[in-house]
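Structure record follows, encoded as structure tokens.
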Amino acid sequence: MKFRYALLFTFLLIFNYSYSCECKPIERENMAEVGLKYEIAFYGEVIKVDSIKRIYTFRIIELFKGNYNSRFITQKYSGNCSVTPSLKELWIVYAKFNDDKTIEVSGCSPSAGLKLYGSNSIPPPPEIKNSQKIEDQIRTLSFYAWDLKLENRNLQDWIYQLEKLRIYKKAQKENSDKEKTETKLETYSQYIIISLIVNIVLFLSLLLVLLKKKKFSK
């Protein structure tokens, strides 16, 4: 029965985000693309949870987007639309900056923890009592199977996002290196042209001096 309540709570939570924030469903293939529209995107680990003050600290493992130099970043709860991690676990985070350099993680973003329910592991199979009716046993197992299906889908989405973000980061680095190389080549070309012009001017000046000397010597 507890799985049924957990599932109901999850759907109510998702519904609450969708209603209060008017969130649109995001397909797996578009999660990273949608997330990268936010100011900062990173893969990190929750290292501190203050549920009273609603302040959460992440250790950034891999930064994909955003001008941020520290290894640690703090999230503040900003309202019903905010996502808040409940446990110390791995997260993919897409967020916008507050004025004090903390971040706000919207419930409409594809930000997600590695575990769907915030637990450290998938819950064990439910205990089936001999006194239960066959229908109740099937219902209990079906809820458990549904939980496993949701956990599996969340894990697949999470890994897919991480791979897409790493591809994006690699492409950005390649573009940056290409721009730097092109800038160096352009600078070098300008240097060659300027050097050539200076040499031509010096050659013409020398030629003019020689002509004048030849003229005066006559």
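The values are calculated or read from the model by the stated rules, or taken from the named source; none is laboratory data. What you are looking at is a predicted structure, and each value in this text was computed from that prediction instead of being measured. Glycine also receives a Cβ, built like all others from the backbone with ideal geometry; neighbour counts cover every protein chain displayed.
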Hits in segment 84-120 - residues which are out of contact with any Phe, Trp or Tyr (no Cβ under 8 Å at 6 or more places or on another chain) and closer than 16 Å to N154 by Cβ: S86, L87, E89, K115, L116, Y117, G118, S119, N120
Qualifying residue in segment 146-162 (condition: in a helix (DSSP H, G or I), modelled with pLDDT under 85 and of a type in the set (A, V, I, L, M)): yes
Search result, residues across segment 78-91 that are at positive phi and in contact (Cβ under 8 Å) with a residue 24 or more places away in the chain: none
Test for V93: is it surrounded by 15 or more Cβ atoms within 10 Å (Cβ to Cβ), in contact with a strand residue (DSSP E or B) (Cβ under 6 Å, 6 or more places away or on another chain) and either of a type in the set (D, E, K, R) or at pLDDT below 95 (or both): no
Residue that is modelled with the lowest pLDDT [pool: residues in segment 131-145 that are loosely packed, with under 12 Cβ neighbours inside 10 Å and not in a helix (DSSP H, G or I)]: S131
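Can you confirm whether E182 is surrounded by 10 or more Cβ atoms within 10 Å (Cβ to Cβ), more than 21 Å from K115 (Cβ to Cβ) and either modelled with pLDDT under 70 or in contact with a His (Cβ under 7 Å, 6 or more places away or on another chain) (or both)?
Working: surrounded by 10 or more Cβ atoms within 10 Å (Cβ to Cβ): yes; more than 21 Å from K115 (Cβ to Cβ): yes; either modelled with pLDDT under 70 or in contact with a His (Cβ under 7 Å, 6 or more places away or on another chain) (or both): yes.
When the stated conditions are applied, E182 passes them.
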Residues of segment 25-66 classified as within 18 Å of D100 (Cα to Cα), surrounded by 20 or more Cβ atoms within 10 Å (Cβ to Cβ) and small (G, A, S), total: 1
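Please go through segment 35-54 and give me each residue that is β-branched (V, I, T) and under 20 Å from K115 (Cβ atoms), ordered by number.
Start the filter on segment 35-54 by keeping residues that are β-branched (V, I, T), which leaves 40, 46-47, 49, 52.
Those that are β-branched (V, I, T) and under 20 Å from K115 (Cβ atoms): V46, I47, V49.
Kindly indicate the residue of segment 100-129 that is assigned to a loop (DSSP other than H, G, I, E, B) and among the aliphatic types (A, V, I, L, M) and also modelled with the lowest pLDDT among those meeting that condition.
Residues of segment 100-129 that are assigned to a loop (DSSP other than H, G, I, E, B), as a first pass: 100-102, 105, 107-111, 114-129.
Checking which are among the aliphatic types (A, V, I, L, M) leaves us with 105, 114, 116, 122, 128.
Working: V105: 92, L114: 88, L116: 70, I122: 48, I128: 57.
The selected residue is I122.
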Pair list, Cβ < 9 Å and 6+ apart or interchain, from segment 140-169 residues that are polar (S, T, N, Q) to residues that are part of a helix (DSSP H, G or I): T140/F3; T140/R4; Q156/R28; Q161/R28; Q161/M31; Q161/A32; Q161/G35
Among residues of segment 47-77, those that are part of a strand (DSSP E or B), free of Cβ contacts under 8 Å to residues at least 60 places away in the same chain and not basic (K, R), counted: 14
